[in-house]
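The values are calculated or read from the model by the stated rules, or taken from the named source; none is laboratory data. Quantities reported herein were computed from a predicted structural model and do not represent experimental measurements. In this analysis, Cβ positions are derived from the backbone assuming ideal geometry, glycine residues included, and neighbour counts consider all displayed protein chains.
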Amino acid sequence: MDVWVTASLYLMWFTGGVIHAVYQLINRRHVSKYAIQMKRFKLGGKGAMITLELLKEKLNSPKGRVLLAKLYGQAPEIIEKQINRYVQAVVRYRQFFPHESQKGFYMFSTPGRTEIGGNHTDHNAGRVLAAGVSLDAIAVATPSPDYVIRVYSEGYPEPFVVELDSLAPRKEEEGTTSALIRGIASRMRELGYRIGGFNAYITSEVLGGSGLSSSACIEVLLGNIINHLYNDGKIDEILLAKIGQYAENVYFNKPCGLMDQIACAVGGFVTIDFKDFDNPVVRKIDFDFAAQNYSLLVINTGGSHADLTDDYASVPREMKAVASALGKKVCRELTMEEVIQNIPKLRARVGDRAILRAMHFLSEDQRVAQQVEALERGNFDEFLRLVNESGNSSWKWLQNCYTTKNPHEQGITLALSVTENFLKGGGKGACRVHGGGFAGTVLVFMPNELLDEYVGLMEGIFGKGSVTVLSIRPYGTLCINLVI
């Protein structure tokens, strides 16, 4: 029997999914020792496990400090904070998994994302400009031999535990990290990649409700752990993003596009063209934001996000209604001239707001291309002008800066008004609504010499901690073992 098992495992290793297939053939306990040997073959790709002592040494080295400066910012206090954060993550990991305390480990980092241009364009096959930011989620992880994923996450008292021999969606898991884990593992196996158990501790600076896409960040992070522990890091960033989107749509049960996951996976400035939804064209923009002496800020204006589903859904619905009235499927297939020439007919069929939203799409989609060109030519002033233009289009045409259900609460509009007044006459800076809108956050590009004054002004209005100062992170999701 042992000879048969060994031969079977060897063959199934070449086709992927070794453990899952074995469980379907024979009793689980009978093959455990063979499974362990097979899963550890070339584990981790080019990277090797690292110890806490070696991690400290490498992070404090010139190479390590340069990396941290690129990921999080150049100020010495920021670098020291991140070194301590990495070390404390390992300490917490060892507290949750004491039997692993003397072993090496892998570390991973995935950034949050910000939407720079292309407000509500992706769902109508448009173009977007996004970027990875300096806030991230990091994970300490090691492979486990029992085909179970256990993830402790900061702020949650109990681990998320997923047994990989049962990967069908579970209704009771919807909306949880367990659903994301199960969905990511399931999709990877469907695509022919290897999966396996691991133990992990995650801590994230990309908090839920921050407008920086915390769910996409975690999805890409989890996918990259499996990517490096079991697939030699061979899964590219775009596929990692698609796998994360699949898990969120099918297992987490939340509709979402692909922009957030791609920006988290790729990092830096990235432009995405969704003309072909199944195969979006992704291009990274080579631009040194750190050299501009500007800061990127996200202002949380507060307000309730309850009952905004209809507001969000109305935008793609109304845009597509305009397209349908003109014999097309999405606004990407229209021209501005075509819409304007048909306004009398459209007013009767879809209403004025839908027309304005379609006009926003058509101008915003072109504006993304102009923003990309400005960045590639190094014309930052023109880029900022286009950011302001985008914000005004969202405010006046798209109309997603507040919900008509509660017109007394207009935090986004107020923040934009105060910011425009602050920047008035200076010829510098830019602001726009951030993300889906209706409540939540605004995005601001602020000259560093005005930063302290502006932060004080906005936190005086929206509360201490409402302003998050960011930088553009040039790298996407990383296995830290490979880069320090």
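Remarks
- Considered as a group, the residues in segment 146-166 that are free of Cβ contacts under 8 Å to residues at least 24 places away in the same chain and of a type outside the set (Asp, Glu) include one that is farthest from GLU248 (Cα to Cα), and that residue is PRO157.
- Selection from segment 237-255 of residues that are outside any helix (DSSP H, G or I) and either at pLDDT 95 or above or in contact with a Pro (Cβ under 9 Å, 6 or more places away or on another chain) (or both): ASN253
- Of all residues making up segment 175-200, the number that are within 19 Å of the chain's Cα centre (by Cα) and either surrounded by fewer than 23 Cβ atoms within 10 Å (Cβ to Cβ) or over 30 Å from LEU308 (Cα atoms) (or both): 7
- Qualifying residue in segment 207-222 (condition: without any contact (Cβ under 8 Å) to a residue 12 or more places away in the chain and either assigned to a loop (DSSP other than H, G, I, E, B) or crowded, with 19+ Cβ neighbours inside 10 Å (or both)): yes
- Checking each residue in segment 298-333 for being farther than 30 Å from GLU409 by Cβ, surrounded by 14 or more Cβ atoms within 10 Å (Cβ to Cβ) and free of Cβ contacts under 8 Å to residues at least 60 places away in the same chain picks out ALA325, LEU326, LYS328.
- Odd one out for VAL339, checked against (1) touching a residue at least 60 places away in the same chain (Cβ under 8 Å); (2) in contact with a helix residue (DSSP H, G or I) (Cβ under 7 Å, 6 or more places away or on another chain); (3) surrounded by 14 or more Cβ atoms within 10 Å (Cβ to Cβ): (1)
- Members of segment 384-413 that are in contact with a Ser or Thr (Cβ under 7 Å, 6 or more places away or on another chain) and either among the hydroxyl-bearing types (Ser, Thr, Tyr) or surrounded by fewer than 20 Cβ atoms within 10 Å (Cβ to Cβ) (or both): SER393, TYR402
- With respect to the conditions (1) in contact with a helix residue (DSSP H, G or I) (Cβ under 9 Å, 6 or more places away or on another chain); (2) at pLDDT 95 or above; (3) hydrophobic (A, V, I, L, M, F, W, C), ALA348 falls short on a single one, namely (1).
- Which listed residue is in the same structural domain as GLY437 (by TED's automatic domain parsing), within 20 Å of THR403 (Cα to Cα), touching a Cys at 6+ places or on another chain (Cβ under 6 Å) and buried (at least 21 other Cβ atoms within 10 Å of the Cβ), from ALA358, ALA354: ALA358
- First in segment 268-291 and closer than 17 Å to THR477 by Cα, second anywhere and exposed (fewer than 12 other Cβ atoms within 10 Å of the Cβ) and acidic (Asp, Glu), Cβ under 9 Å, 6 or more apart: GLY268/ASP286; PHE269/ASP286
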